[in-house]
1. I'd like the Karplus ³J(HN,Hα) series for the stretch 98-107: coefficients 6.51, -1.76, 1.60, θ = phi - 60°, whole numbers in Hz, and an x wherever there's a Gly or Pro.
2. Report the Cα-based extents of the stretch 50-131 along its three principal axes, largest first, to the nearest Å.
3. Go through the stretch 36-46 residue by residue and turn each phi into a ³J(HN,Hα) via Karplus (6.51, -1.76, 1.60, θ = phi - 60°); whole Hz please, and just put x for glycine and proline.
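Quick note: the coordinates plus some simple rules give every number you see, no bench work behind them. All values reported here derive from a predicted model rather than from experimental measurement.
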Amino acid sequence: PHLETENLWVVPGEDVRYFSIEDDVRVVGSRYQSNNGGSGWYNDQLEQGETTFDEVSHEVWRTFFTPSEHLARAIRDEMNHLGLVPNQYASAHVRALYAVQSRPLKMVENWVTNGVNCASNLRPGKPIFVA
């Protein structure tokens, strides 16, 4: 489910954000909402022997989403303030009010509990940061 023409890939999405052309480089940004990070779509495009989503997603994320120095310093300061050591804690991000004004408290409590339990399974016995 993509359009490929002469080094141009258009990924399906709800909203095309930008398009730029620079010599041979063409970029189309789109918003693609997925509960699995788009791994199913990505893996469906692979040919035999190509690298799977799980094998590349971490490196792609780190390459494209490296914080600016100012933001990196703020993150380090906050981690130090909270006593968090890189790779020695887990985190859970609960988007309780995403796209709504309110939710039942019990629903939010269940989501937070699930997030903390998942984080605890990832790093047993380590601190958990919940946002």
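1. Going residue by residue, I get 5, 6, 9, 8, 7, 9, x, 4, 4, 4 Hz, with x marking Gly and Pro.
2. 40, 39, 30
3. Calculated HN-Hα couplings, in order: 10, x, x, 4, x, 4, 4, 5, 5, 8, 6 Hz.
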